[in-house]
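Here the structure comes first, spelled out in structure tokens, and everything after it is commentary.
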Amino acid sequence: SIAYNDTMFDVWLAKGLAPPVPAVLNLYKKLITLGFKIVFISATSESQRDVRVANLNRAGYYKWEKLILKEEADRGTTAQVYKTKKRTAVEAAGYRILGNMGDQWSDITGTHVGNRTFKLPNPKFYIS
């Protein structure tokens, strides 16, 4: 196993080559047709918004209500604390979280996780 490396991950992320998980993309498309408002909460840095949007589009994601990325003020915050904070803000803005999915436990634990949570496998890396 190779230790996670922020710098190398950022280099890979900047290439915009993250492939979609077919079942997740199919679910996304179905939810859009049913009128759900999709909110993405990512630990990707706000400074990488353009590459993240381009990668989402290339992967087949074209429509969403919000794309929340990690701001400088959130730097050093654990993934669970950061995602809980952002989900809390989404609910405070009047949204109901009906489903929450992620490939890391920190994506779907904490508070304000929604009615249903879905843990996706990720054989590449684990965030504790």
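The values are calculated or read from the model by the stated rules, or taken from the named source; none is laboratory data. What you see is a predicted model, and the numbers here were worked out from it, not measured in a lab. Neighbour counts are summed over all protein chains in view; Cβ atoms, including those assigned to glycine, are modelled from backbone coordinates with ideal geometry. The protein model used for the area step is the full one, side chains on, heavy atoms only, and it has no ligands, DNA or RNA in it. Shrake-Rupley method; radii C 1.70, N 1.55, O 1.52, S 1.80 Å.
Things to note:
- Electrostatic tally near GLN104: other residues with Cβ closer than 12 Å to its Cβ, Lys and Arg +1, Asp and Glu -1, net +1.
- In Hz, Karplus ³J(HN,Hα) per residue of the range 67-83 (6.51, -1.76, 1.60; θ = phi - 60°; x = Gly, Pro): 10, 9, 10, 6, 8, 4, 5, 8, 4, x, 7, 5, 4, 5, 5, 4, 5
- Applying both filters, DSSP loop and at most 16 other Cβ atoms within 10 Å, to the trypsin sites (Lys or Arg not before Pro) of the range 8-105 gives LYS15, LYS37, LYS63, ARG75, ARG96.
- Distances between placed amide hydrogens fall under 5 Å for PHE118 paired with ASN100, MET101, GLY102, all partners being 5 or more residues away or on another chain.
- Given R0 = 41 Å, the distance between the Cβ atoms of ILE38 and MET8 translates into a calculated FRET efficiency of 0.90.
- In straight-distance terms, cross-link reach from LYS29 covers every one of the lysines whose alpha-carbon lies under 18 Å from its own, apart from those fewer than eight places away in the same chain; here that gives LYS37, LYS63, LYS66.
- Size of charge dipole - the chain - debye, nearest 20, with Cβ of Lys, Arg +1 and Asp, Glu -1, no other charges: 480
- Of the residues PHE118, LEU17, GLY76, the one whose Cα sits farthest toward the positive end of the charge dipole of the chain, with +1 on the Cβ of Lys and Arg and -1 on the Cβ of Asp and Glu, is PHE118.
- Only helices enter the 222 nm calculation for the chain: every DSSP H run of n ≥ 4 contributes -39,500 (n - 2.57), and dividing by all residues gives -11500 deg cm²/dmol, rounded to 500.
- Mean separation of Cα pairs under 8 Å and 6 or more residues apart, divided by the residue count, gives the range 1-89 a relative contact order of 32 percent.
- The chain: most fluctuating residue of LEU13, LEU34, LEU56 per GNM, C-alpha cutoff 10 Å: LEU34
- Per residue solvent-accessible surface (Å²) - the chain, probe of 1.4 Å: 67
- Here the range 33-72 is assigned +1 on the Cβ of each Lys and Arg and -1 on the Cβ of each Asp and Glu. Its dipole about the Cα centre then comes out at about 220 debye.
- For ILE41, nonlocal amide neighbours, meaning residues 5 or more places apart or on other chains whose placed amide H falls under 5 Å from its own, are ILE68.
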